[in-house]
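Engineer: A single structure is presented below for examination.
The values are calculated or read from the model by the stated rules, or taken from the named source; none is laboratory data. If you're wondering where the values come from, they're calculated on a predicted model, not measured in any experiment. Every residue, glycine among them, receives a Cβ derived from its backbone with ideal geometry; neighbour counts consider all protein chains shown.
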Amino acid sequence: MKKVCLIALSILGFVFNSFAQDLFPDGTEIPAWFHDYSKVQLADLGKTFTITDFGAKNDSTELQTAIIQKTIDQAHKEGGGVIIIPKGTYLSGALFFKANTHLHVVEGGKLKGSDDISHYPKIPSRMEGQNLDYFAALVNAYNVDGFTISGHGTIDGNGLKFWEAFWQRRKENPQCTNLEVSRPRLVFVWNSDNVQVQDVRLQNAGFWSSHYYQCNYVKVLDVHISSPHEPVKAPSTDAIDLDICSNVLVKGCYMAVNDDAIALKGGKGPWADLVPNNGGNSNIIIEDCEFGFCHGALTCGSESIHNRNIVMRNCKVDQAVRLLWLKMRPDTPQRYEYITVENIKGQARSLIYVKPWTQFFDLKGRAEVPLSFSDHITMRNIKLDCDIFFDVAITEHDKLSNFTFENMKVKTKNASFDQSIIDGLTVNNLLVNGENIK
């Protein structure tokens, strides 16, 4: 009996020690906040305001924007509460949540976005690394601390018309930018802390699926985010865009979109690091997620200037074009540092992809090309089938240093590995097509 107790204590000690030693890549301790996966309870969100009680109709063709917004406004007027989307389909344009208001979509309920851009007013916003007036999203929360989206229902961007318009414009002008075709995002949250999005389905976005700008303490838990890549590609439907955010947990999510799954943003341009509205992302954990088709499971850039302490772990990848994508933009000063990708299984075209991203290159009169750095990048405990293992080609303006490849088993069509590209490379137990690479 004494021996059993000692063994039990030893196991508990190991578990406790492992928990206590959970560190960010730069060695700082991961706070307990990241280990709290508790869900928001409907009963804790205050008074319920069901949109049908205010006259909303279960109708996928008749616009319900005014009624739903009236419901939100009434909740705010009464001190706050949760707006309920009940079973059925409710068509809407842009909605604006206010202090102490929340959104709950019940299972079988669908908030469906209008496919008429006139139903999304142009307002101060943030798109592609710049502040500008742009079309509102379907769900908007500006300065709403504690904002939550919950429920097992669906928020559907109804994006087909917007996708077709984009591809028609790209056919007319192959160099057209994303902003040339007017399209709304699905969810946009700006300058809001303690945000939680859980359980819902975000699908068929007209533009980015969810965008968080200047937010701190954000949890995205068990959310299913998808937009098609066939038969009609849904362009630029990033699943989660983190834009100058700190302390973010993305856990238990499924993401399959026709662009990047998780993209870290923060600004672009030759003096981007001097612009007050720009900044970096820090303390981001992505864990226990599954990735379907996407251009990059985890992408730094292209509108990104500084990312630090980024962890992606315990994830499955299937049909991703790239597992880790570091976009080195030659017209923007960049630093990607202390990034760890670990405990990954699955399939992707490229395991790691690091190349200059030159689309829409513009130095705006700056004489010299700014430098971009990727430093302390670790990939370990990975078992992956891929076409290209080391998809890396840089210029004299890109600096790669202190990379680690450890405990990796890779099956690939292209096993090329130019170790000279990286200053300070550590390789330990790296098997590529069965060969131990030193």
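Engineer: When you scan the range 195-206, how many residues do you find that are closer than 12 Å to residue 149 by Cα and among the polar types (S, T, N, Q)?
Structural biologist: 2
Engineer: Name, by its number, the condition in (1) under 25 Å from residue 305 (Cβ atoms); (2) assigned to a strand (DSSP E or B) that does not hold for residue 369.
Structural biologist: Only one criterion in (1) under 25 Å from residue 305 (Cβ atoms); (2) assigned to a strand (DSSP E or B) is unmet by residue 369, namely (2).
Engineer: What number of residues within the range 416-438 are touching a strand residue (DSSP E or B) at 6+ places or on another chain (Cβ under 9 Å) and under 23 Å from residue 356 (Cβ atoms)?
Structural biologist: The total comes to 9.
Engineer: Looking at the range 145-152, can you tell me whether even one residue there is farther than 21 Å from residue 260 by Cβ, aromatic (Phe, Trp, Tyr), touching a strand residue (DSSP E or B) at 6+ places or on another chain (Cβ under 9 Å) and surrounded by fewer than 21 Cβ atoms within 10 Å (Cβ to Cβ)?
Structural biologist: no
Engineer: Would you confirm, using the coordinates I've provided, whether residue 413 is among the charged types (D, E, K, R), within 16 Å of residue 348 (Cα to Cα) and modelled with pLDDT of 95 or more?
Structural biologist: The answer is yes for residue 413.
Engineer: Which strands (runs of 3 or more DSSP E) sit wholly inside the range 33-107 and have at least 1 residues that are crowded, with 21+ Cβ neighbours inside 10 Å and either touching a Phe, Trp or Tyr at 6+ places or on another chain (Cβ under 7 Å) or not small (Gly, Ala, Ser) (or both)?
Structural biologist: Where strands (runs of 3 or more DSSP E) fall fully within the range 33-107 and carry at least 1 residues being crowded, with 21+ Cβ neighbours inside 10 Å and either touching a Phe, Trp or Tyr at 6+ places or on another chain (Cβ under 7 Å) or not small (Gly, Ala, Ser) (or both), they are 48-50, 81-85, 88-92, 95-97, 101-105.
Engineer: Given the criteria of a type in the set (Phe, Trp, Tyr), buried (at least 21 other Cβ atoms within 10 Å of the Cβ), in contact (Cβ under 8 Å) with a residue 24 or more places away in the chain and more than 18 Å from residue 198 (Cβ to Cβ), does residue 135 qualify?
Structural biologist: It is true that residue 135 is of a type in the set (Phe, Trp, Tyr), buried (at least 21 other Cβ atoms within 10 Å of the Cβ), in contact (Cβ under 8 Å) with a residue 24 or more places away in the chain and more than 18 Å from residue 198 (Cβ to Cβ).
Engineer: When residue 311 is evaluated against the numbered criteria (1) part of a loop (DSSP other than H, G, I, E, B); (2) at pLDDT 95 or above, which criterion, by number, is the only one it fails?
Structural biologist: For residue 311, the exception is condition (1).
Engineer: Run residue 162 past the list (1) crowded, with 18+ Cβ neighbours inside 10 Å; (2) under 18 Å from the mean Cα position of the chain (by Cα) and report the number of the one that doesn't hold.
Structural biologist: It is condition (2) that residue 162 fails.
Engineer: So which of 364, 327 ends up being of a type in the set (D, E, K, R), farther than 18 Å from residue 416 by Cα and surrounded by 16 or more Cβ atoms within 10 Å (Cβ to Cβ)?
Structural biologist: Only one candidate qualifies: 327.
Engineer: Shifting gears a bit: Within the range 138-149, how many residues are among the hydroxyl-bearing types (Ser, Thr, Tyr) and either within 14 Å of residue 104 (Cα to Cα) or free of Cβ contacts under 8 Å to residues at least 24 places away in the same chain (or both)?
Structural biologist: 1
Engineer: Considering 395, 378, which residue is closer than 28 Å to residue 174 by Cβ, of a type in the set (S, T, N, Q) and touching a Pro at 6+ places or on another chain (Cβ under 7 Å)?
Structural biologist: Only one candidate passes the filter, namely 395.
Engineer: Next question. For residue 392, state whether it is farther than 20 Å from residue 347 by Cα and in contact with a helix residue (DSSP H, G or I) (Cβ under 8 Å, 6 or more places away or on another chain).
Structural biologist: no
Engineer: Under 7 Å between Cβ atoms, at least 6 apart or on separate chains: pull out the pairs that start in the range 150-161 with a residue that is of a type in the set (Lys, Arg) and end on any residue that is assigned to a loop (DSSP other than H, G, I, E, B) and surrounded by fewer than 24 Cβ atoms within 10 Å (Cβ to Cβ).
Structural biologist: Note: pairs meeting the criteria are 161/115.
Engineer: Conditions first: (1) at pLDDT 95 or above; (2) closer than 18 Å to residue 113 by Cβ. Residue 192 passes all but one, so which condition is the exception?
Structural biologist: All conditions pass for residue 192, except number (2).
Engineer: Report yes if residue 352 is surrounded by 21 or more Cβ atoms within 10 Å (Cβ to Cβ) and either in a strand (DSSP E or B) or at pLDDT 95 or above (or both), otherwise no.
Structural biologist: Spelling it out, residue 352 is indeed surrounded by 21 or more Cβ atoms within 10 Å (Cβ to Cβ) and either in a strand (DSSP E or B) or at pLDDT 95 or above (or both).
Engineer: When residues of the range 314-349 are filtered for being part of a loop (DSSP other than H, G, I, E, B) and either without any contact (Cβ under 8 Å) to a residue 40 or more places away in the chain or touching a strand residue (DSSP E or B) at 6+ places or on another chain (Cβ under 8 Å) (or both), how many remain?
Structural biologist: Summing the residues that are part of a loop (DSSP other than H, G, I, E, B) and either without any contact (Cβ under 8 Å) to a residue 40 or more places away in the chain or touching a strand residue (DSSP E or B) at 6+ places or on another chain (Cβ under 8 Å) (or both) in the range 314-349 gives 4.
Engineer: Residue 388: in contact with an Asp or Glu (Cβ under 9 Å, 6 or more places away or on another chain) and either touching a residue at least 12 places away in the same chain (Cβ under 8 Å) or within 29 Å of residue 271 (Cα to Cα) (or both), yes or no?
Structural biologist: no
Engineer: Also: Taking the range 190-225 as the region of interest, how many residues are surrounded by 22 or more Cβ atoms within 10 Å (Cβ to Cβ), assigned to a strand (DSSP E or B) and among the hydroxyl-bearing types (Ser, Thr, Tyr)?
Structural biologist: Result for the range 190-225: 3.
Engineer: Residues of the range 58-102 being of a type in the set (S, T, N, Q) and in contact with a helix residue (DSSP H, G or I) (Cβ under 6 Å, 6 or more places away or on another chain), which ones?
Structural biologist: 71, 92, 101
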